[in-house]
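Have a look at the structure below, then the notes.
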Amino acid sequence: MAGNGTSMALVGAYVLADELATAPDHHTAFRRYEEQMREYVARCQKFALGGVDSMMPKSRMFIRMRDFTLRVVPRIPGAMRLFGDLQKISNTVSLKD
């Protein structure tokens, strides 16, 4: 519930494509892919668990607050620093050129 699914899919596809292109065989490619992606996926999943309550509120008032926050925060200068954990998670995996 943190919006990381698309990012994980794109990063995973990129890493897997590179491993399939450079590894001597597909078994090695899959093993390397899993090694590179393990921490990134685990951190994304852990982060998502914390987002369930805020993204799926149980009352109308909290739904309105969530919607308002999602509209306003990107417009406040420097407010995106509040989402520093997402930046740390994205730096877990290094993409090759």
Tell me whether region 76-96 contains one or more residues that are outside any loop (DSSP other than H, G, I, E, B), modelled with pLDDT of 80 or more and exposed (fewer than 11 other Cβ atoms within 10 Å of the Cβ). no
From the set of residues in region 40-75 that are β-branched (Val, Ile, Thr) and modelled with pLDDT of 85 or more, which is farthest from ALA9 (Cα to Cα)? ILE63
Could you check, for region 23-40, whether at least one of its residues is closer than 16 Å to VAL93 by Cβ, in contact with a Gly (Cβ under 7 Å, 6 or more places away or on another chain) and either touching a residue at least 24 places away in the same chain (Cβ under 8 Å) or part of a helix (DSSP H, G or I) (or both)? yes
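The values are calculated or read from the model by the stated rules, or taken from the named source; none is laboratory data. Since we're looking at a predicted model, the values are computed, not measured. Counting neighbours? That spans all protein chains shown, and the Cβs are built from the backbone with ideal geometry, glycine included.
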